[in-house]
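Every read-out reported here was derived from the displayed coordinates using simple, explicitly stated rules and does not represent laboratory data. Just so it is clear, the structure is predicted and the values come from calculations on it, not from any experiment. Every residue, glycine as well, gets a Cβ built from its backbone with ideal geometry; the counts of neighbours run over all protein chains shown.
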Amino acid sequence: MNSINFKPIATLREPTELVAHGLASLADLSDLEKVAARYAVAVTPDVAVLIDPDDPGDPIARQFIPSAEELMTGERENADPIGDHAYSPVTGIVHRYPDRVLFKLVHICAVYCRFCFRREMVGPGKSSGLSQGAYDHALAYIRAHPEIWEVILTGGDPLMLSPRRLAEIMVDLAGIDHVRIIRIHTRVPVVEPSRIAGEMIAALRVKGATTWVALHANHAREFTEKARAACSALVDAGIPMVSQSVLLRGVNDNAAALEALMRAFVECRIKPYYLHHGDLAPGTSHLRTTLAQGQELMRGLRGRLSGLCQPDYVLDIPGGHGKSPVGPNYLSQENSSSAEREPHPETRYRILDYCGDIHLYPPKP
Ligand code: SF4
C-alpha cells in the first residue's frame, strides 16, 4: 500500500479503485481481481477513511480489503458453514430453533466483510433479494407457525432496504399476533451511519412488536463520532441494542483490542451479546483463531472488564446444529470426570476465580 488515502466520494467496489485510493498495492492487483470475481467487495467512504494505508496490519483493512489469501479454500471450509440450507423450509427463512426464525430479505450489504459466513450468498452478483412471491410465502410460513416469537431480519443487511420498504415489512410482521420481537442484524450504523436518519428510525418502530437492533462491529476504531451518533439516535428512539462481533486474527485477537471494543459498545448503550468464533467460510483461515486462543482471551476479559462488557463466546456448530457457548469453563468437579453429568453428592466443586486461582465449593447447600 502507499499513503495516498483520501476520502472517496462513493463506495469502492473494484480492486483498481482500492489501488487508486492507496488501500491496496498495484503488485497485488491481479490476485485481488481474482478474489473480487468470487467474493463481493465494497468499502464505504466512512470505512475507507479509517484505514491507515501505511500500516500493513491495519485492523480495519483486514476486515474489508480483499487479500490473495482468500483464494485458498481449506479442506474443512464450506460455502454454507453454519448449515442455513438444511433448516430452510421456504426461501428466505431459516427455522433452526423453535421460537425464532431468520428472515433473509436482501443479499446486499453496505460493505463486504472478508470473513463473512454467507460470503457465497451475498453481493451484487448473487441473487438480488426475495421476489414478492417468495416474500409472501415466507410471511405465510411465519403466520402458520405460532411458536415463532421472534423474527430476525438478516441477509445481507436489512438496513440497505429503503425506509419505505422496511416500514412495510415491519408492519407485515408486527401484524402477526405471535411475533412479539423483530430483531435486525446490521453493520450500517458503523459503516454507513448517514443511513440512520429520521425515516429509517421511524420505520424500525412499529406498533404490535418490539424492535431490537444487533450491531455488528469488530474493532473500537469503527466507533467514530458519526457512528456513535447513529447508535445514540437508535437508542434514544427507544430501540434496545445488543452487539455481535467475530473474533478475528489480526483484528481483535488481543486483550487490549477486545477490551476497547466491548467498552465502546457499552459506552454507546449497546449490551455486548455474542463474540463469534470465526466460521469455516471459504478462504477465511488467515482470519481465524483457535478455540483455545478465544477461551484465553475471554478469561482475560473476565479479569479486566465490568460484567456489563462481557459477551458470550459462541461457536456455530457446522452442519446447522446451532450456536453453543464455548467457554471458558470456570466450574469442574473435584476428583471426577467432566463426562459425568450428575456430581456424586459428596463431590465438591472446583471454581476458578477471575485471577485464575482455584477454590472449592461444598456439594450441598
Ligand atoms: S455485513 Fe454481515 S452479511 Fe454483509 S458481508 Fe458483513 S458479515 Fe456478511
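Observations on the model:
- Among the trypsin sites (Lys or Arg not before Pro) found in segment 197-239, those both in a DSSP coil and sparsely packed, with 12 or fewer other Cβ atoms within 10 Å of their Cβ, are 207.
- Working note: Cα gyration tensor of segment 83-231, eigenvalues times five, square-rooted, sorted largest first, giving semi-axes of 24, 19, 14 Å.
- Net dipole in debye of segment 204-328 [+1 Lys, Arg Cβ; -1 Asp, Glu Cβ; about Cα centre; nearest 20]: 240
- GNM flexibility winner over the chain from 306, 324, 332 (Cα, springs under 10 Å): 332
- Over all other residues within a Cβ to Cβ distance under 12 Å of residue 226, the charged ones net out to -2, with Lys and Arg as +1 and Asp and Glu as -1.
- Taking each residue as 0.36 nm, the span from residue 73 to residue 310 lengthens on full extension beyond its C-alpha to C-alpha distance by 82.1 nm.
- Looking at the chain alone, DSSP beta bridges between its own residues are antiparallel in about 35 percent of cases.
- Positive minus negative residues near residue 306 (Lys, Arg vs Asp, Glu; Cβ under 13 Å): +2
- Range in the chain, longest, excluding exposed chymotrypsin sites (Phe, Trp or Tyr not before Pro) [loop by DSSP; at most 15 other beta-carbon atoms within 10 Å]: 150-329
- Spin-label model, residue 126/residue 232: points 7 Å from Cα along the beta carbon direction are separated by 3.5 nm.
- Close amide-amide hydrogen proximity is noted between residue 214 and 184, 185, 186, 242, each under 5 Å apart and 5 or more residues distant or on a separate chain (H modeled in the peptide plane; Pro and chain starts excluded).
- Kirkwood hydrodynamic radius over Cα pairs of segment 183-239, then Stokes diffusion coefficient at 25 °C and 0.890 mPa s, in µm²/s: 212
- Net charge of Cβ neighbours under 15 Å - reference residue 362; Lys, Arg +1; Asp, Glu -1: +1
- Across all directions, the shadow cast by the convex hull of the chain built on its C-alpha atoms averages 20.1 square nanometres.
- For the pair residue 165 and residue 357 in one chain, pulling the backbone fully straight at 0.36 nm per residue adds 63.7 nm over the alpha carbon distance.
- Per DSSP, loop trypsin sites (Lys or Arg not before Pro) in segment 53-105 with at most 16 further Cβ within 10 Å: 76
- Charges were assigned to the Cβ only: +1 to each Lys and Arg, -1 to each Asp and Glu. The resulting dipole of the chain about its Cα centre is roughly 780 debye.
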